[in-house]
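To start, the structure itself, in structure tokens.
The values are calculated or read from the model by the stated rules, or taken from the named source; none is laboratory data. Since we're looking at a predicted model, the values are computed, not measured. FYI the Cβ positions are ideal-geometry reconstructions off the backbone, even for glycines, and counts take in every protein chain you see. Heavy atoms of the whole protein, side chains included, go into the accessibility calculation; ligands, DNA and RNA do not. Shrake-Rupley method; radii C 1.70, N 1.55, O 1.52, S 1.80 Å.
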Amino acid sequence: MSRINIPIEALTSRLNLGSRFEGVRSQSMSTRFANLKPISEFLDFKRLSKPANFGDVQSRVNYNLSYFSSNYFAVALMLTIYSLLTNFALLFDMIFMGAGLFLIKRLDGQDLELGFARLTSSQMYTGLFIIGVPLFIWASPISTALWLVGAIGVTTLGHASFMDKPIETSFSEEAV
């Protein structure tokens, strides 16, 4: 039986996804949030309209993903915080594991002496992972991550495809 090869490059090249995120990696957080567009412009309901065809959707998504990229990043950040606040077990486990790793590392390899026991760093790491990993699995991080990917995708691509480009850009495209 032959394998089915799906050319990912052919699917993603139309949206220019390869080069779109190169600038994101090199920007600092202050630069990322300095480009935030005003909320009145981001949520301008007068510019919401149904695209005429798929070419129009593509054009809008290409324009809006670059123009509102900082706003979309802020929306993704807010949805991430919301997903952690609504999945308290996952938030607790992340804090528990992070604090445990920090405190064990802070001992600098020395043993922890309690009144009744002496624990080596490997014993503390083992105990932390015996408690933390099952709790992490129980907290269902995969379903939270899938929900997060879906929510960010729907809000970002939904906004980008229904938000019409400003009139000024329409005139500049016709001149070219």
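Taking the 1.4 Å solvent-accessible surface of region 59-176 as the whole, the part contributed by carbon and sulfur is 73%. Note on region 111-170: Rg/Rh from C-alpha atoms, Kirkwood Rh, equals 1.49. When the inverse distances between all different Cα atoms of region 56-176 are averaged and flipped, the Kirkwood radius reads 18.2 angstrom. Taking label positions 7 Å along the Cα-Cβ direction at both Leu84 and Phe33, the computed distance is 1.4 nm, reported to one decimal. In the assembled protein chains, Tyr72 presents an accessible area of approximately 20 Å² (probe radius 1.4 Å).
Here the label points at Asn53 and Phe129, each 7 Å from Cα along the C-beta direction, are separated by 5.7 nm in the simple model.
Count charges around Asp164 for me, please; just the other residues with Cβ under 11 Å from its Cβ, Lys/Arg as +1, Asp/Glu as -1.
Once all neighbours under 11 Å are counted, the net charge is +3.
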